[in-house]
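A.B. asks: Once you've had a glance at the structure underneath, I'll fire off some questions.
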Amino acid sequence: MDNRNESSETLRNKCAACFRQFNRMEHLVEHMKISFHSVHEPMCGVCKKHCRSFESLREHVGLMGQLPKLECKSIFTSRGCRFCLAIFDSPNARRVHQERCQLSAVHSGLLARMANLGFRDNLIIDNVYARGPQVVALACKMVGGGSDGSHDLCARVCIIDENENIIFHSYVKPPIPVTNYRYETTGIRPEYLRDAMQQRQVQKKIQDFLCNGEPMWKIRPKGGKARILVGHGLDHDLDRLEVEYPAVMIRDTAKYPPLMKTSKLSNSLKYLTQAYLGYDMQTGIQDPYEECVATMRLYMRMRSQSHMIEDYPLASDPQNRNNFAPRRQNELEKMSPEELLAISRSDYYCWCLDSRD
Ligand SMILES: [Zn+2]
Ligand SMILES: [Zn+2]
Ligand SMILES: [Zn+2]
Ligand SMILES: [Zn+2]
């Protein structure tokens, strides 16, 4: 920046994370109190700017939108991975990486057939000897109930483990009559549900499987037996299944701030799969197994982010709750932008933290 009107005072008031500039130091301090910048934010590999979401980072490096940062765009275009957004030393290193980074859809047709062969309805709660999968993904297919068929009812459910193996896959008989099978997207016919497992029974099995012997009230984010549950829009799935599960154990790709469109709007799973995994989901009849695979892969990708390790990573951790509040305003205004960033903590739980114990 060589804008002649820019005083050194203004440069001093530049946020060390998002690079916004403020006329007065007190405004930067105010910004830091509400921005929750942290090492867990998506960051440009070229200029190190922090972004609130991968979507804004994609705009910044010119993958979408109209306002890229030109220097970053030109480096990204030759050496950046369009899926994980990392920057490599050479175009060749990028090419080698990107082939691995782009996950295949395992030939959708084959995948769907495998899923159909894989019907399993005997969910087993781990005994003391086998710990079993600690992270599972769940997806449902909904049919319609009610007079106009608009009331969602779960008619098929799938659960997979971290290695994309099917753990549970079953048709479900809803508690009220189905008035619209939505065949074009569900592929479900009346005869499939006639002798299917009752929803009450499915609810119980899934509930027990997730808690894994842990009483609900005892479930803690770490160190217990309860499983981490991955999915897209899980509130709705769990609501329809009447399964209750504590929010601390849920990893929802529709609600994870780095994967959202804006702080209020989610991206579709189809879009996320295309943008961050590099393949297209099936159109037409969709198999919940394919949705489980996509959400599990997104989760794994987010979990494998390598971020700086902090003992107390969240703004809500008791040790950080007062990082800004107890300091006097004039004390904060004397700190450098880097020092302010150093005491700032995230307001969301970054999934990279699941990979540490
Ligand atoms: Zn900022
Ligand atoms: Zn992180
Ligand atoms: Zn940049
Ligand atoms: Zn990549």
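A.B. asks: Filter segment 32-48 for residues that are surrounded by fewer than 18 Cβ atoms within 10 Å (Cβ to Cβ) and either more than 25 Å from residue 68 (Cβ to Cβ) or away from ligand 3 (no atom under 15 Å from the Cβ) (or both) and give the result.
C.D. replies: Within segment 32-48, 33, 34 qualify.
A.B. asks: While we're on this one: If you check residue 5 against the conditions, is it polar (S, T, N, Q), modelled with pLDDT under 95, more than 16 Å from ligand 2 (Cβ to nearest atom) and touching a helix residue (DSSP H, G or I) at 6+ places or on another chain (Cβ under 7 Å)?
C.D. replies: Judged against the criteria, residue 5 is not a match.
A.B. asks: Does segment 311-324 include one or more residues that are within 15 Å of ligand 2 (Cβ to nearest atom), touching a residue at least 60 places away in the same chain (Cβ under 8 Å) and more than 25 Å from residue 133 (Cα to Cα)?
C.D. replies: Within segment 311-324, one or more residues are within 15 Å of ligand 2 (Cβ to nearest atom), touching a residue at least 60 places away in the same chain (Cβ under 8 Å) and more than 25 Å from residue 133 (Cα to Cα).
A.B. asks: Considering every residue within segment 210-222, establish whether at least one is surrounded by 17 or more Cβ atoms within 10 Å (Cβ to Cβ), within 22 Å of residue 354 (Cβ to Cβ) and over 22 Å from the mean Cα position of the chain (by Cα).
C.D. replies: Residues of segment 210-222 surrounded by 17 or more Cβ atoms within 10 Å (Cβ to Cβ): 210-212, 219.
Applying the additional criterion that residues be within 22 Å of residue 354 (Cβ to Cβ) yields 210-212, 219.
From the residues that got through so far, the ones that are over 22 Å from the mean Cα position of the chain (by Cα) too are 212.
Yes - at least one qualifying residue is present in segment 210-222.
A.B. asks: For segment 184-199, which positions are over 29 Å from the mean Cα position of the chain (by Cα) and either part of a strand (DSSP E or B) or not aliphatic (A, V, I, L, M) (or both)? Give the steps one after another, and end with the answer.
C.D. replies: Keep residues of segment 184-199 that are over 29 Å from the mean Cα position of the chain (by Cα), which gives 189-198.
If the condition is that a residue be over 29 Å from the mean Cα position of the chain (by Cα) and either part of a strand (DSSP E or B) or not aliphatic (A, V, I, L, M) (or both), then 189, 190, 191, 192, 194, 195, 197, 198 are the ones that fit.
A.B. asks: Sticking with this structure for a sec: Take the residues in segment 51-80 that are within 16 Å of ligand 2 (Cβ to nearest atom) and in a loop (DSSP other than H, G, I, E, B); name whichever of them is nearest to the chain's Cα centre (by Cα). Please lay out each step first, then the result.
C.D. replies: As a first pass, look at segment 51-80 and keep what is within 16 Å of ligand 2 (Cβ to nearest atom): 51-54, 57.
Filter again for in a loop (DSSP other than H, G, I, E, B), leaving 51-53.
On the way: 51: 16, 52: 14, 53: 11 Å.
Once the filter is applied, the top-ranked residue is 53.
A.B. asks: I would also like to ask the following. Which of (1) of a type outside the set (D, E, K, R); (2) buried (at least 18 other Cβ atoms within 10 Å of the Cβ); (3) within 13 Å of the chain's Cα centre (by Cα); (4) within 16 Å of ligand 4 (Cβ to nearest atom) does residue 304 not meet, given it meets every other one?
C.D. replies: For residue 304, the failing item is (2).
A.B. asks: Has segment 284-301 got at least one residue that is more than 16 Å from ligand 4 (Cβ to nearest atom), outside any helix (DSSP H, G or I) and surrounded by fewer than 16 Cβ atoms within 10 Å (Cβ to Cβ)?
C.D. replies: Scanning segment 284-301 turns up at least one residue that is more than 16 Å from ligand 4 (Cβ to nearest atom), outside any helix (DSSP H, G or I) and surrounded by fewer than 16 Cβ atoms within 10 Å (Cβ to Cβ).
A.B. asks: So how many residues does segment 24-50 have that are in a loop (DSSP other than H, G, I, E, B) and away from ligand 4 (no atom under 16 Å from the Cβ)?
C.D. replies: Matching residues across segment 24-50 total 10.
A.B. asks: Under the condition of being in contact (Cβ under 8 Å) with a residue 40 or more places away in the chain and outside any loop (DSSP other than H, G, I, E, B), which residue from segment 223-237 is surrounded by the fewest Cβ atoms within 10 Å (Cβ to Cβ)?
C.D. replies: 236
A.B. asks: Within segment 240-266, track down each residue that is surrounded by fewer than 22 Cβ atoms within 10 Å (Cβ to Cβ) and among the polar types (S, T, N, Q).
C.D. replies: If the condition is that a residue be surrounded by fewer than 22 Cβ atoms within 10 Å (Cβ to Cβ) and among the polar types (S, T, N, Q), then 262, 263, 266 are the ones that fit.
A.B. asks: Tell me yes or no: at least one residue of segment 92-102 is within 16 Å of ligand 1 (Cβ to nearest atom), modelled with pLDDT of 90 or more and surrounded by 15 or more Cβ atoms within 10 Å (Cβ to Cβ).
C.D. replies: No, because not a single residue in segment 92-102 is within 16 Å of ligand 1 (Cβ to nearest atom), modelled with pLDDT of 90 or more and surrounded by 15 or more Cβ atoms within 10 Å (Cβ to Cβ).
A.B. asks: What tally of residues in segment 49-70 results from selecting those that are within 15 Å of residue 84 (Cβ to Cβ) and more than 11 Å from ligand 3 (Cβ to nearest atom)?
C.D. replies: 5
A.B. asks: Determine which member of the set 141, 173, 204 is loosely packed, with under 15 Cβ neighbours inside 10 Å and closer than 21 Å to residue 243 by Cα.
C.D. replies: 204
A.B. asks: Same structure, new question: Do you know which of the residues in segment 325-349 that are of a type in the set (D, E, K, R) and part of a loop (DSSP other than H, G, I, E, B) is farthest from residue 249 (Cα to Cα)?
C.D. replies: Looking at the filtered set, the residue picked out is 328.
The values are calculated or read from the model by the stated rules, or taken from the named source; none is laboratory data. Since the model is a prediction, treat every value here as computed from it, not as a measurement. Quick reminder, even Gly has a Cβ in these numbers, built from the backbone with ideal geometry, and neighbours come from all protein chains shown.
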